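Some notes on the structure that comes next.
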Amino acid sequence: MAVLARVSPVLMLAPPTRSAGVPARVRAGLAIAMAAMMTPIALPHAAPMPTDLLNVLICLAAEVLLGLVIGSVILMAVSALQLAGQAIGHLAGFDVAEAMDPTTDESMSILASIMGWMAIGLVLTVGGHRQVIDSCLESCTVYPAGGVQPDAGWLSELDDLMQHTLRVGIRAAAPIATALLMANLLTALIARTLPQLSVLAVGFNINAFVMLLLLILSTSGMAWVFQIELSVWLDSCRHMATSQ
């Protein structure tokens with residue numbers, strides 16, 4: 001039960017199993033299967049479970065907390081490119097084009113949703129999901145099942161990761177965002193010179209053209225930056241799971 005409490009939050013937070021398109025029964029089945037495979041590894045290091053209900057609930061809450069810490073790392077990695085897509089879509093005037101994102105079951109701009117799916121694809125391509133599972137396995141030796149003691153260092157690591165997420169999102173969006181700001185300046189100059197033109201129609205077309213062109217040219221660059229910076233998230237995940 002302690003192993004299941006540790007694994008379940010990871011599968012609930014880490015994409016793609018976080019997607020609302022994945023049925024709850026499938027996620028529950030995956031969590032049970034993963035816990036069953038981890039139990040033989042965790043059993044030799046497991047701490048004796050308390051006999052009273054209150055301490056059992058405290059032990060399970062600590063296990064869930066550790067699972068939330070591990071799962072939130074991958075969630076922040078995907079959120080970095082979603083943040084970049086949201087900023088680019090806002091500057092391009094694409095905020096009106098929103099859709100329901102199946103990974104979060106929330107409404108967000110189409111560009112942010114596309115960037116999020118690209119981040120998930122990169123995480124799976126470089127084997128990020130396997131490294132998260134390895135972190136869960138290694139955590140069983142440092143934090144015995146049923147004997148997890150929350151560490152204050154987790155908060156410091158999560159704070160650094162949030163700052164890193166923001167920096168990566170800004171770096172990914174900066175080139176296109178700068179070009180869109182220049183396009184908006186060009187639109188303003190055109191409107192000043194030719195007031196008879198429809199500024200909204202001309203400006204939206206220019207922004208859409210600039211955004212699509214630069215998005216095609218810079219997608220590989222954003223993926224390259226994200227792939228390099230992904231190691232920071234994964235290393236922090238392993239550090240939190242295996243250091244005490």
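Some notes on this structure:
- Using a Förster distance of 51 Å, the FRET efficiency for N205-I58 (Cβ separation, nearest 0.05): 0.25
- Option label - semi-axes √(5λ) of the Cα gyration tensor in Å computed here, alternatives [x] 44, 17, 14; [y] 36, 18, 15; [z] 39, 20, 16: [x]
- Gaussian network model of the chain, Cα within-10 Å springs - most flexible of A183, A46, A33: A33
- Just checking the listed ones, A31, A112, A179: in the Gaussian network model of the chain with Cα springs under 10 Å, the one fluctuating most is A179.
- With contacts taken as Cα pairs under 8 Å and at least 6 residues apart, the chain reaches a relative contact order of 28 percent.
- Under 5 Å, built H, 5+ apart or other chain: amide partners of A145: A46, A47
- Rounded to 0.05, the FRET efficiency of the M49 and V126 pair, given R0 = 35 Å and the Cβ-Cβ distance, is 0.40.
- Ordering V142, L57, T178 by Cα displacement along the dipole of the chain toward the positive end leaves T178 in first place; charges were set at the Cβ atoms of Lys, Arg (+1) and Asp, Glu (-1).
- Across L234, L81, L194, mean-square fluctuation computed from a Gaussian network of the chain (C-alpha pairs under 10 Å connected) peaks at L194.
- Computed from backbone phi with θ = phi - 60° and the Karplus coefficients 6.51, -1.76 and 1.60, the 3J(HN,Hα) list for region 43-54 is 4, x, 9, 5, 8, x, 6, x, 8, 8, 5, 4 Hz; x is used for glycine and proline.
- Shown is the FRET efficiency for R192 and I228, computed with R0 = 41 Å from the Cβ-Cβ distance and rounded to the nearest 0.05: 0.45.
- With both labels modelled 7 Å from their Cα along Cα-to-Cβ, the T178 to L217 distance reads 1.2 nm.
- When the chain is described by a simple charge dipole with +1 on each Lys and Arg Cβ and -1 on each Asp and Glu Cβ, the residue from V73, P44, W117 located farthest towards its positive end is W117.
- Note on region 2-242: with charges restricted to the Cβ of Lys and Arg (+1) and Asp and Glu (-1), its dipole about the Cα centre is near 460 debye.
- For region 84-91, Karplus couplings with θ = phi - 60° (6.51, -1.76, 1.60), whole Hz, Gly/Pro x: 4, x, 5, 5, 5, x, 5, 5
- Charge sum, other residues only, whose C-beta stays under 14 Å from I41's C-beta, Lys/Arg counted +1 and Asp/Glu -1: -1
- Put the Cα centre of region 45-80 next to the Cα centre of region 106-158 and the gap is 13 Å.
- Total formal charge among the other residues, if their Cβ is under 13 angstrom from that of A77, Lys/Arg +1 and Asp/Glu -1: 0
Read-outs throughout are calculated quantities, based only on the coordinates presented, and are distinct from any laboratory measurement. The model shown is predicted, which means the values in this text are computed figures rather than measured ones. For neighbour counting, all protein chains shown are included, and Cβ atoms are generated from backbone atoms with ideal geometry for every residue, glycine included.
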